[in-house]
Amino acid sequence: MRMHFLALSLAVAGHFAFMPAAALEGEGASEAKPDRAALEKLLSELSSADFAIRQTAVDSLSKEGEPLRELIRKKYPKGSEDPEVDALVRKLLARLDREALDRERLANRAVFEKDFMPKQKAYREAQSGKWLAIASGKLLPEPKDGANTVFVDLKEADAEAMRLFPAALHRFFIKIGVEGDIELQLGGASVSQSCGVDFLGHFSGYQFNSASGEFSVKKKGEELKKIGFAAATGGFYIRPSLSAPASDRKKSSAFIVSTGFAGSFLMVPNLARELGLERWEIPGKADVKGINQSGPCTRAWVRVEVPGLEESFVEPAAIWEKEAEEPNPEPAVPKK
């Protein structure tokens, strides 16, 4: 295996000659002419589905342990006169960020399988509903005197992970009893984003009113509160404000209300990336199965604030692995 890896490194290294040592060190960078074809080939290698090829691309360009991202920044400190080269460099840097994130996710997943899963039954029996974190390849909190320890809530788990590993690109947060692979029925929804019965379970009742074009919910002893609308294309939607659980950066997005969806929220990956939910992931996959669409999803914790409701909710969201567009429905004209 080691010889195979070395051979692959030597085979791929040749096409990275567009980065001479002097240019990488910032000396004579203005004289170095960017090789567009080499940049495209490097981007292709780093975008490969084959981890060994991506690993080789990174390792063969590293110099004395300096991150590849920094080497590229030195070569292109202020951009190029060629806008196409600039665009390639931006894509390359974004791909390197994604690669670093993927590596942290793999390391954290390995810790979940090695350090948590053998104790899953014991954790669930004694500490269901409590919290753990995994960041930078460490399970937190670390066991004390051989006994399993836990966090009281997500806020405490995040505070400790931030204290120890503030620069972590990826983190897992385990609410004991919620982790692991699951299957979620989607029903007949064909829209890319759904709000399901797990979220509606916070309320004692809800109402779809086609005449007024309103979707409303209520809690026990309270009046109905309008939180959504009927769309011109059919169905009822809510448009909550979303954020990572400890972030002030918010974004509104539309979700069709689906009583056939067994989960809480289902969203597109671009929205999850924009919110930074890779730092709030739940270990395990969600296999979403519907009549009109199905597919694998990652999961993460997201804070949800719905106009018309005073409280906010931290919910487990399923995130499609396939790319899709956010829905943007227009409200229907109320019936007279």
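Out of all the residues in segment 301-330, which are of a type outside the set (Val, Ile, Thr) and free of Cβ contacts under 8 Å to residues at least 60 places away in the same chain? Quick ask: steps written out before the conclusion?
Keep residues of segment 301-330 that are of a type outside the set (Val, Ile, Thr), which gives 301, 303, 305, 307-313, 315-318, 320-330.
The answer is Glu310, Glu311, Ser312, Ala317, Glu321, Lys322, Glu323.
Among the residues of segment 146-175, count how many are of a type in the set (A, V, I, L, M), outside any loop (DSSP other than H, G, I, E, B) and under 24 Å from Lys285 (Cβ atoms).
Qualifying residue count, segment 146-175: 4.
So how many residues does segment 125-140 have that are surrounded by fewer than 17 Cβ atoms within 10 Å (Cβ to Cβ) and not hydrophobic (A, V, I, L, M, F, W, C)?
Our first condition is that a residue be surrounded by fewer than 17 Cβ atoms within 10 Å (Cβ to Cβ); within segment 125-140, this holds for 125-129, 137.
Right, trim to not hydrophobic (A, V, I, L, M, F, W, C) and you get 125, 127-129, 137.
The number of residues fulfilling the criteria is 5.
Can you tell me which residue in segment 205-245 is surrounded by the most Cβ atoms within 10 Å (Cβ to Cβ), limited to those that are in contact with a strand residue (DSSP E or B) (Cβ under 6 Å, 6 or more places away or on another chain) and assigned to a loop (DSSP other than H, G, I, E, B)?
Checking each candidate, the answer is Pro240.
Find the residue count for segment 246-261, including only residues that are surrounded by fewer than 21 Cβ atoms within 10 Å (Cβ to Cβ) and either of a type in the set (A, V, I, L, M) or touching a residue at least 12 places away in the same chain (Cβ under 8 Å) (or both). It would help to see each step written out before you state the result.
Pass one, segment 246-261, residues surrounded by fewer than 21 Cβ atoms within 10 Å (Cβ to Cβ): 246-254, 259-260.
Okay, now just the ones that are also either of a type in the set (A, V, I, L, M) or touching a residue at least 12 places away in the same chain (Cβ under 8 Å) (or both), so 246-247, 249-254, 259-260.
Qualifying residue count, segment 246-261: 10.
Please state which of the following conditions Val178 fails to meet, knowing it meets all the rest: (1) more than 30 Å from Arg239 (Cβ to Cβ); (2) in contact with a Lys or Arg (Cβ under 9 Å, 6 or more places away or on another chain); (3) assigned to a loop (DSSP other than H, G, I, E, B).
(1)
How many residues, within segment 277-312, are part of a strand (DSSP E or B) and either under 21 Å from Leu186 (Cβ atoms) or among the hydroxyl-bearing types (Ser, Thr, Tyr) (or both)?
If we filter segment 277-312 for residues that are part of a strand (DSSP E or B), which is where we start, we get 281-290, 295-305, 312.
Then drop every residue that is not either under 21 Å from Leu186 (Cβ atoms) or among the hydroxyl-bearing types (Ser, Thr, Tyr) (or both), which leaves 281-282, 284-290, 295-302, 304, 312.
Residues meeting the conditions: 19.
Let's see how each residue does on (1) within 16 Å of Leu43 (Cβ to Cβ); (2) assigned to a helix (DSSP H, G or I); (3) modelled with pLDDT under 75:
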residue	(1), (2), (3)
Gly79	no, no, yes
Ala87	yes, yes, no
Lys91	yes, yes, no
Ala100	yes, yes, no
Arg105	no, yes, no
Val111	no, yes, no
Lys114	no, yes, no
Pro118	no, yes, no
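Assigned by TED's automatic domain parsing to the domain that holds Gly276, in contact with a Phe, Trp or Tyr (Cβ under 6 Å, 6 or more places away or on another chain), among the acidic types (Asp, Glu) and closer than 14 Å to Phe199 by Cβ: does that describe Glu315? Reasoning before the result, please.
Details: assigned by TED's automatic domain parsing to the domain that holds Gly276: yes; in contact with a Phe, Trp or Tyr (Cβ under 6 Å, 6 or more places away or on another chain): yes; among the acidic types (Asp, Glu): yes; closer than 14 Å to Phe199 by Cβ: yes.
Yes: the conditions hold for Glu315.
Of all residues in segment 256-269 being part of a strand (DSSP E or B) and within 18 Å of the chain's Cα centre (by Cα), which is farthest from Glu183 (Cα to Cα)?
Step one: of segment 256-269, the residues part of a strand (DSSP E or B) are 256-257, 265-267.
Subset that is within 18 Å of the chain's Cα centre (by Cα): 265-267.
Numbers: Phe265: 14, Leu266: 13, Met267: 16 Å.
Result: Met267.
The values are calculated or read from the model by the stated rules, or taken from the named source; none is laboratory data. Note that the structure is predicted; figures quoted are calculated from it, not measured. FYI the Cβ positions are ideal-geometry reconstructions off the backbone, even for glycines, and counts take in every protein chain you see.
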